[in-house]
Amino acid sequence: MGSGLDFGWLLTGWRALVEGAGMTLWLTACSTVLGLAISVLGAAARRGRIGWLKTAVGVYVEAIRNTPFIVQLFFIYFGLPSLGVNLNPVVVAIVAMTLNVGAYATEIVASGLAAVAVGQREAAEALGLKPRQVFVKVVLPQAMAVIFPALASQVVITMLDSAVVSQISVRELTMRANLIQSQTFRPFETFLIAAAIYLALSIALRRVLNRIAARYLGPGLT
């Protein structure tokens, strides 16, 4: 191995990196959609009147937010099989990432719901809308507009944190890069390219989210 930089391995290794980036985006997309669904339900439950449900959501949020992601991942991947629950590594990754997004986003969504003026709810109810309609059509859209920047940042963080799932042999970007460097003995060049890809993905993902927000929540969010 020479002392100079050598990116010749890209001629054969680029496809693996592209496939790894694709897996990273797939994991991010799945966990984001599922996690946001959990967060909306969780935030609504925390603002509801069912005591045991509020407590259960609170325990879930605190348990996820106060334990390392890698420990949660290992618990699902290595711990659950002892109970007879065997899951594919990709499924484990999605489950662990979804639980994380759900917990962190629950707090974000809850803060957005709290920011919506009570008068908005009262006006909607005065028009004859049912409580569920008030929440879905009036309160939630306004809350999402308020919390979009925080949610967008959480999605990007989730994508970057997906590198941890390489520890259970999920062939996402970091795992692919590690395999390449073990074959080429070019760790500096390999992980430099991997870092550049993560940076490009982060920028692109944020722009996509901004466009979605501009279309559905208003142009002022871009």
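Read-outs: derived from the displayed coordinates by stated rules, not from any lab. No experiment lies behind these values; they were computed from the predicted model shown. Cβ sites come from the backbone with ideal geometry, for glycine too, and all protein chains shown count toward neighbours.
Grab the Cα-Cα distance for residue 54 and residue 179, subtract it from 0.36 nm times how many residues apart they are, and report the gain in nm with one decimal.
Details: separation 125, 0.36 × 125 = 45.00 nm, distance 4.46 nm.
Here the segment from residue 54 to residue 179 would lengthen by 40.5 nm.
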Could you tell me whether segment 14-94 comes out rounded, prolate or oblate from its Cα gyration tensor? Rule is a ≥ b ≥ c as square roots of the eigenvalues, rounded for a/c under 1.5, then prolate if a/b exceeds b/c, otherwise oblate. oblate
Once you put a point 7 Å from the Cα of residue 204 and another 7 Å from the Cα of residue 33, both along the Cβ direction, what distance in nm separates them? 1.9 nm
Of 54-62, 23-31, 136-144, 100-108, ordering from highest average Cβ density within 10 Å down gives 100-108, 23-31, 136-144, 54-62
Model label zone, residue 47; criterion: amide N under 14 Å from point 7 Å along Cα-to-beta-carbon; scope segment 141-155: 141-148
Positive end of the dipole of the chain, charges at C-beta (+1 Lys, Arg; -1 Asp, Glu), about the Cα centre: which of 199, 163, 117 has its Cα farthest in that direction? 117
Listed values (i) 21.5, 86; (ii) 20.9, 76; (iii) 20.0, 68, entry calculated as Rg and Dmax of the Cα atoms in Å: (ii)
